[in-house]
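Reading through the structure tokens given below for one structure.
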Number of protein chains: 2
Amino acid sequence: MRNTRDDVIVAALGVLDTHGLEFCSMRRFAVALDVQPSALYHHVPNKQTLLALMADEIVRGVGGDDPVSVCRALRNALLSIRDGADVVATASAFRLGASAVETYLAGMVGDEGARTLLLYTFGQAQSTQTQLQAHEIGALPAEVAASELTPEALEAELTTSFDRGIAIILAGLATQHEADGTDEREKR
Amino acid sequence: MRNTRDDVIVAALGVLDTHGLEFCSMRRFAVALDVQPSALYHHVPNKQTLLALMADEIVRGVGGDDPVSVCRALRNALLSIRDGADVVATASAFRLGASAVETYLAGMVGDEGARTLLLYTFGQAQSTQTQLQAHEIGALPAEVAASELTPEALEAELTTSFDRGIAIILAGLATQHEADGTDEREKR
DNA sequence: ACCTGAACACCGTTCAAGT
DNA sequence: ACCTGAACACCGTTCAAGT
């Protein structure tokens, strides 16, 4: 027995984290496992499926006691690995990978609220990752060119911005609850 | 004089709309223009730049009189072409391509409000496009497998969901305005 | 069950050369 | 200025064959 399916996923996540999504080819995964490219197809039907499995792994175990901490945990998971937000978004985790998180959130803030929070969280994480990467390269977007902003300061700013966005959405959801006077957990 | 840069962009958008993002190769663009692949590099430095120009074109002219209509117009623009949401999102239009729309929105609901609305709109459009595509193929996500949902009904449902999400965010923004008692246009 | 080796039909990009 | 032709270093995927 040589490699298992999980070995492939772990190796692929290693390539993703150290080299980025653009270097995530089946052939690169193969050299990471010291194996021929064709060997991967014994564990996975195609590249798309492998990317979806990677997305599932990235998002696995995300949870929390309240909507804010769930969204923060999800964002942290997406940011914990290079190009994580892109991978999870592209793998259409909107419906599949994160759907465990979605039903979890839905129990707290309802279907519509869960969807709104999730879509915002994904978009904000994707934007955050893009901006942090651009900052590292030195491809600054002119508005922050002169300002000597450290990476840490930028990251902190984007995280604060995220929290404010979540607060806005939750405030909006609260007004809806006032409108119909029900708690989500009471509906059916 | 044979082809101009705009010819290349138009041809590329044609390939995108009729074949989808996965068939958007420089070589396909070249056959669409009846030209050798290398000829494209006279008009554009690389594929990434061409995709960014396509994204700018997709989002060009988006505007409106109030936040709701701006967001709707943006979503419609993203949905008006196959894989449009993916192309614009990947081209990091979060900061560049849509930034005209962002400053426009910021004048109405403030920086944080604009960002929240935009990130939600992008995410929702991307999700909508993914689901509509899956529905066309017949790759139904099991929950709507039995339900005989027409594509039009699904699209209408997703649009209604979008409107509700926007309403939630705007309601949240309204509570913030009440809190500090200022209108955005009065700040500074 | 897991892998190799070879092959097929593709990629993006460069560069000398043509008009 | 705009394009061709040829080349380079890659892709994802298939399939017979090995152990």
- Item | B:D66 paired with A:D66, simple spin-label distance in nm, labels 7 Å along Cα-to-beta-carbon | 3.3
- Task: For the protein assembly as shown, build the charge dipole from Cβ charges (+1 Lys, Arg; -1 Asp, Glu) around the Cα centre, then report which of A:L170, A:F23, B:L53 sits farthest towards its positive end.
- Result: A:F23
- Quick one: label points 7 angstrom along Cα→Cβ at B:R28, distances to the other copies in nm, smallest first? 2.2
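What does the helix-only formula give at 222 nm for the protein assembly as shown: each DSSP H stretch with n ≥ 4 adding -39500 (n - 2.57), the total divided by the residues, and the result rounded to the nearest 500 deg cm²/dmol? Provide the component values of the computation, followed by the final result.
Details: 14 runs with 249 residues, N = 376.
Counting only the DSSP helices, I get -22500 deg cm²/dmol.
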- Note on the structure: Output row, site B:I137, 7 Å Cα→C-beta label point, backbone N cut-off 15 Å, window segment A:112-128, residues none
- Separation between the A:Q36 and A:F23 pseudo-spin-labels, each 7 Å from Cα along Cα→Cβ, expressed in nm? 2.5
- Query: Between copies, how far does the label point of B:V10 sit from its twins, in nm, shortest first, when each point is 7 Å from Cα along Cα→Cβ?
  - Reply: 5.5
- Got the A:S80 label distances to the other copies yet, label 7 Å along Cα→Cβ, in nm, shortest first? 4.1
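Placing unit charges on C-beta atoms (Lys and Arg positive, Asp and Glu negative, everything else neutral), compute the dipole magnitude of segment A:1-87 about its Cα centre in debye, rounded to 20.
The calculated dipole for segment A:1-87 is roughly 220 debye.
R0 = 35 Å: FRET efficiency of A:Q48 with A:H177, Cβ-based, nearest 0.05?
0.30
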- Query: Quick one: Cα centre-to-centre distance for segment B:23-82 and segment A:108-125, in angstrom?
  - Reply: 28
- Message: If the only charges are +1 at each Lys and Arg Cβ and -1 at each Asp and Glu Cβ, what is the size of the charge dipole of chain A around the Cα centre, to the nearest 20 debye?
- Response: 800
- Per GNM of chain B with C-alpha springs under 10 angstrom, the most fluctuating residue out of B:T150, B:T49, B:T159 is B:T150
- Query: Which residue, B:T130, B:T18, B:T116, has the most motion in a Gaussian network model of chain B that connects Cα atoms within less than 10 Å?
  - Reply: B:T18
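Counting pairs of alpha carbon atoms under 8 Å apart in space and at least six apart in sequence, what relative contact order in percent does segment B:1-144 give?
Numbers: 135 pairs, mean separation 28.6, N = 144.
Computed value for segment B:1-144: 20 percent relative contact order.
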- 3J(HN,Hα) from dihedral phi, segment A:60-66, Karplus parametrisation 6.51/-1.76/1.60, rounded to Hz, x for glycine, proline: 5, x, 6, x, x, 8, 9
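Every read-out reported here was derived from the displayed coordinates using simple, explicitly stated rules and does not represent laboratory data. All values reported here derive from a predicted model rather than from experimental measurement. Cβ atoms come from the backbone with ideal geometry, glycine included; neighbour counts cover every protein chain shown.
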